[in-house]
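Beneath this line is the structure, given in C-alpha cells, with notes to follow.
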Amino acid sequence: MLRAALGTLPPYCAPATCYAYQNIAFNTATEIVERATGQGYASVARARLFAPLGMAGASIGQAGLLGAANWAQPHHNNKSPASVNDSYYRVPAAGGVNSSILDLTLWMRAQMGGAPGVLSPKALDTMHRPRVTTPPHGRRGPMDRALADAAYGLGWRTFTYAGHALVWHRGSVDGYGSLILFDPAEKSGIVMLWNSNHHEAARLQLEFFDMLYGLPLTDWLELPGQPEAPDAAMAGEVASRDTPP
C-alpha cells in the first residue's frame, strides 16, 4: 500500500517540530472507519454524509464517475482530453470522491453550520480550528500576499482576507481541480470545479470575496483582453448571501 510505504522512510524531523502536507496519509481514515463500523468506507460515507446532506450525485470509486449520466472528462493544458487515472481511487479518503457542483455546495453549507444533525458545531470547531501555522514559502504572488495568518486544521486550511477569517481547501488530480472557500461568519462562500490541470481558475475565489465585502475590484485572474471593470456600485453588489435550502 502507498501509505504503508511511508512508514519505511526515515523521519524528516522529530514529531511536532515541523510540518508538511501529505494527502495520502489521510487514507488512514478509510481503515479507521472500516474497522470501527465493520462496513466499507464508501457505504459509510454515503449513509452518514452524502444521503443526509442531499448529495445525490456524490459517490466514491471510479465506477461512480464513469457510470454517471453526465460527467466531465479530464483535460491537460485546457484542451487535450485525458484518461481518468484510477490511482486516486486506491486512496478513497484522500482523493476518491466524485461530486457535482451542487453536491459540493451542500457540503459547504454543512461546513458553515447548516446541517448540525450531520456535522455538529463541536465537530466543525475541531476540524476548522487552526493548529499548525503554514506560512508561504518561496516566491509569493499577489494572492499569497493578500492572505494572512495561514494555518492548517484537520483537513481544512484557514487564513484571513481583508480582516475576515476564511476556511478553505483546494485539491487537484490529473485533469481536474476543485476548491471550497467560505466565510463562516457571513455564511457565504464559493465552490469551484474545473476539468483541467491548470490552476488559474482558482484565482476567481478572491474576486467573489471582493464583491461580497464591497472591496475595490482586483483583476485576480489577469486574463488577456479583459473588458473594463464595472462601476463601483456594481462592484459592491452581491446577489444573495443565502445558502441553498
Residue, nearest to the chain's Cα centre (by Cα), within the range 70-110, restricted to residues that are aliphatic (A, V, I, L, M) and loosely packed, with under 15 Cβ neighbours inside 10 Å: Ile101
Restricting the range 55-69 to residues that are touching a Ser or Thr at 6+ places or on another chain (Cβ under 9 Å) and not hydrophobic (A, V, I, L, M, F, W, C), the residue that is surrounded by the most Cβ atoms within 10 Å (Cβ to Cβ): Ser59
Test result for Gly141, exposed (fewer than 14 other Cβ atoms within 10 Å of the Cβ) and over 15 Å from the mean Cα position of the chain (by Cα): yes
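Looking at the range 1-83, what helices (runs of 4 or more DSSP H) fall wholly within it and have at least 1 residues that are under 30 Å from Glu200 (Cα atoms) and touching a strand residue (DSSP E or B) at 6+ places or on another chain (Cβ under 7 Å)? Working first, answer last.
Values: elements: 2-6, 28-37, 41-45, 62-66.
Those helices (runs of 4 or more DSSP H) span 62-66.
Each value in this text was obtained by applying a stated rule to the coordinates, not by laboratory testing. Everything numeric here is computed off the predicted structure, so don't read it as measured data. In this analysis, Cβ positions are derived from the backbone assuming ideal geometry, glycine residues included, and neighbour counts consider all displayed protein chains.
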